[in-house]
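The numbers here are math on the coordinates, done by the rules we state, and not lab data. Fair warning: this is a prediction, and the values are worked out from it, not measured in the lab. Positions of Cβ are backbone-derived with ideal geometry, glycine not excepted, and every protein chain shown enters the neighbour counts.
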Amino acid sequence: MKRHTTSTRRQAFTLIELMVVIAIIGILFTLVSPQLGKARLRGKLTQQSANARYIVEAITAMESASRFNSGWPQDDPDGENEDSYDSSNAFLADLVEGGYLDVSYSFFAAPGLTPARTEEEFRSGGASCNAWCIVKDIDDTTPGNFPAVFLKNMTDINSLSFDEDEEPFGTKGFVFATKNGEAVVIERADIEEIENLEAIFDLDDQDSVQVLLP
């Protein structure tokens, strides 16, 4: 009888130990999980910042190759310019087909979007397969630190507005590249503070900015 009691107590103690270990693991996971999520988001934003820089470099290369083309899309409200574009998809597709941007069309789809497999899919896919907006009318007088290429979760560059439901990233993060090719990653804390955004973008001396959308 005594042996049976000792065995039961020993088994119960082992079960308690197991429960304690499971509880500790759960607590650690709760503490670490948000940091893992932030690290994954940061990695995705960093990748998109590299993509933004690559797009600017391609536009600059096209500009250098032409004596008559500014490289950047121009605003054409009257439809008189044969080289004008009605979407950033068309503009970016011409960069690819012209050999200035050596990527597949899936390159332009950030997380949450559906990658295009062909030129035709990309040109007709609009915002579903293209995450990038391109600022129009950039020229030699435009400051080098002016935001030139940016993700479409910023829905209005003039008011610095974001849509929390807009892919990619909503209000969790944002990426843009300047005219001179500097890529910038902005995280949620700065997105939620309009003063921070105004300091980063510094658009006070600019007229209304025209943008080529997907």
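Only one of the listed values, (i) 41, 19, 16; (ii) 32, 17, 16; (iii) 51, 20, 14, was derived from the coordinates as semi-axes √(5λ) of the Cα gyration tensor in Å; which label is it? Computed from these coordinates, semi-axes √(5λ) of the Cα gyration tensor in Å corresponds to label (iii). The mean sequence separation of alpha-carbon pairs under 8 Å and at least six residues apart, normalised by the residue count of the chain, gives a relative contact order of 21 percent. Across the range 103-214, C-alpha contacts under 8 Å between residues 6 or more apart give a mean separation that, scaled by the residue count, equals a relative contact order of 25 percent. Computed per residue of the chain from DSSP H runs no shorter than four, each worth -39500 (n - 2.57), the mean residue ellipticity at 222 nm is -15000 deg cm²/dmol. Our coupling estimate for the range 100-117, obtained by passing each phi through the Karplus curve with A = 6.51, B = -1.76, C = 1.60 and θ = phi - 60°, is 8, 10, 8, 9, 7, 6, 5, 4, 7, 9, 7, x, x, 9, 9, x, 7, 9 Hz, Gly and Pro reported as x.
Sites listed here are GluC sites (Glu not before Pro) in the range 119-214 whose DSSP assignment is loop and whose Cβ has at most 13 other Cβ atoms within 10 Å: Glu164, Glu192, Glu193. Each of Ala23, Leu203, Ala109 was scored by the projection of its Cα onto the charge dipole of the chain, and the greatest displacement toward the positive side belongs to Ala23; charges sit on the C-beta of Lys, Arg, Asp and Glu.
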